[in-house]
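I have placed the structure first, in the form of structure tokens, so that the comments after it can refer back to it.
The values are calculated or read from the model by the stated rules, or taken from the named source; none is laboratory data. Predicted model, so just to flag it, every value in this text is computed and none were measured. Positions of Cβ are generated from backbone atoms using ideal geometry, with glycine treated the same way; all protein chains shown enter the neighbour counts. What goes into the accessible areas is simple: the full protein's heavy atoms, side chains included, and nothing from ligands, DNA or RNA. Shrake-Rupley method; radii C 1.70, N 1.55, O 1.52, S 1.80 Å.
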Amino acid sequence: MTNETIASQLAHRTIRAYNDQPLTEAEVTTLLDVARHTATPSSPLSCTFLHTTDRKLREAIGAASDQPYV
């Protein structure tokens, strides 16, 4: 059994190899819209999205979260 949704899910990969090329506002808007519509577990956990172009603030958030890809 297959359909477009199943094929899309099976092709999904997470790659955290980032570069310094900034996203356009349209790209940021689209990505945030997709993230807001993505399925989540049925637990009461919530999501928070942070968007900043300030490099020092991003570094501080990354250090505080212990997540170097932030």
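Some observations on this one:
- Residue within the range 8-28 that is of a type in the set (V, I, T), surrounded by 10 or more Cβ atoms within 10 Å (Cβ to Cβ) and outside any loop (DSSP other than H, G, I, E, B) present: yes
- Scanning the range 49-70 for residues that are closer than 21 Å to Q21 by Cβ, open to solvent by 100 Å² or more (accessible area, probe 1.4 Å) and out of contact with any helix residue (DSSP H, G or I) (no Cβ under 9 Å at 6 or more places or on another chain) gives T53, R55, K56, E59.
- In the range 34-48, the residues that are over 22 Å from A17 (Cα atoms) and either touching a residue at least 60 places away in the same chain (Cβ under 8 Å) or not in a loop (DSSP other than H, G, I, E, B) (or both): R36
- T5 loosely packed, with under 10 Cβ neighbours inside 10 Å, at negative phi and part of a loop (DSSP other than H, G, I, E, B): no
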